[in-house]
Amino acid sequence: MSNKLKIAIIGCGGIANGKHMPSLSRQKNAEMVAFCDIVEERAQEAAKTYGTEDAAVYTDFRELLAKGGFDIVHVCTPNDSHSVISVAALEAGKHVMCEKPMAKTTAQAQEMLDAARRTGKKLSIAYQNRFRSDSEYLKGLCESGELGEIYYGKAIALRRRAVPTWGVFLDEEKQGGGPLIDIGTHALDLTLWLMDNYKPRMVVGSTFHKLGQKKNAANAFGPWDPEQFKVEDSAFGFITMENGATISLESSWALNVSEFREAQTLLAGTEGGADMKDGLRLNGERAGRLYETKVDLSSGGVAFYSGEAESEADREARLWLEAVIEDKEPVVKPEQAFVVTQILEAIYESARTGRAVYLDGSSDK
């Protein structure tokens, strides 16, 4: 490799412009040299804004991969194309950072996992909420045993009225679902990672499409088109792990609740608990009394790097590039992201069939 890692961006839409490309542009050891989008003007604009002087522009990712000239591919496309593009990039000898979720289906995620193992190239999924200061601090407490055995977790991704009305978010065919696969995936990843538990046994789920047909609805991003709203507006899951631990998952874009929180978790262990309701709060029992304390994360810790404030997106980009350069495992391992997709798919299946879904080979018979 040269002094700088050369990166190709496939998909130059909202998430690429909102996170990937700005964060990569702030990394001194990387440069973006190729851009691909089915809308050529988007790729051209991205190249002009973030690319090197001789950055190449494509409308076909296969042509981009055939041309080469880069080390890493960032996949920032709709969910249904994550797998095919990531597998092709891995087969072309490139390391891959794929936007969340890993894939639309478990079968597609398995193809990505198999390709990474077969090629020996690095694959990671963009779950940036792991890189927040509160998440990193709580992870350290969990690893040190501060909470004891964590046997209950709640993954929270609730919006009162914030349905994304742009792109393909409302298209079930391209996305695979609505808030569950969009924002619920972040909360679930965070909860599984903090519990360090990736062995689900049984999943029960419910999805609702109750508010999506409302016309001229109040919404943070403007009224949605009921004719285009093909996905659920809320979804809920109950997951039992092989060791008996339990996780509940709440997700919504539109739900009549007065309290709304996103990409948060609640944990309960034998020695203490934690939640993110109002900052990072810890609770427990000491000297015969219950206590609750709020952690001050306003300075120091992982929010700073080389003396400067570092966002979770920038930290995600930096640590991903370091994993490639230093040939070490990425923070978000593909095996972990696979389990997230496996559980999400099981929630959808349970909601569709009205039955529990068993992931450990057992059954309810």
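The values are calculated or read from the model by the stated rules, or taken from the named source; none is laboratory data. Bear in mind that the values here come from a model prediction, so they are computed numbers and not experimental data. Neighbour counts run over all protein chains shown; Cβ positions are idealised from the backbone, glycine included. All accessible areas refer to the heavy atoms of the entire protein, side chains included, with ligands and DNA or RNA removed. Shrake-Rupley method; radii C 1.70, N 1.55, O 1.52, S 1.80 Å.
Things to note:
- Pairs, first on the phi < 0 side of the Ramachandran plot and modelled with pLDDT of 95 or more in segment 49-64, second among the aromatic types (Phe, Trp, Tyr) and open to solvent by less than 30 Å² (accessible area, probe 1.4 Å), C-beta under 7 Å, six or more apart: GLY51/PHE35; ALA55/PHE35; VAL57/PHE35; LEU64/TYR58
- Scanning segment 201-246 for residues that are open to solvent by less than 20 Å² (accessible area, probe 1.4 Å), in contact with a strand residue (DSSP E or B) (Cβ under 6 Å, 6 or more places away or on another chain), closer than 20 Å to LYS100 by Cα and not hydroxyl-bearing (Ser, Thr, Tyr) yields GLU232, ASP233, ALA235, GLY237.
- Only strands (runs of 3 or more DSSP E) whose full extent lies in segment 94-175 are considered here, and the ones with at least 2 residues that are in contact with a strand residue (DSSP E or B) (Cβ under 6 Å, 6 or more places away or on another chain) and among the small types (Gly, Ala, Ser) are 123-126, 150-158.
- Segment 104-121 residues that are under 17 Å from ASP80 (Cβ atoms), paired with ones that are among the aromatic types (Phe, Trp, Tyr) and at pLDDT 95 or above (beta carbon under 9 Å, 6 or more apart): THR106/PHE338; ALA109/PHE338; GLN110/PHE338; MET112/PHE338
- Subset of segment 1-21 that is part of a helix (DSSP H, G or I) and open to solvent by less than 20 Å² (accessible area, probe 1.4 Å) - its residue that is farthest from PRO164 (Cα to Cα): MET21
- Residue list for segment 177-211, filter: in contact with a Lys or Arg (Cβ under 9 Å, 6 or more places away or on another chain) and either at pLDDT below 95 or polar (S, T, N, Q) (or both): THR185, THR191, THR207
- Being out of contact with any strand residue (DSSP E or B) (no Cβ under 8 Å at 6 or more places or on another chain), of a type in the set (D, E, K, R) and open to solvent by 10 Å² or more (accessible area, probe 1.4 Å) is a property that holds for GLU53.
- Of the strands (runs of 3 or more DSSP E) lying entirely inside segment 226-269, the ones with 3 or more residues being farther than 16 Å from THR185 by Cβ are found at 234-241, 264-269.
- For segment 249-297, the candidate set comprises residues that are without any contact (Cβ under 8 Å) to a residue 40 or more places away in the chain and of a type in the set (Lys, Arg); within that set, the residue that is least open to solvent (accessible area, probe 1.4 Å) is ARG281.
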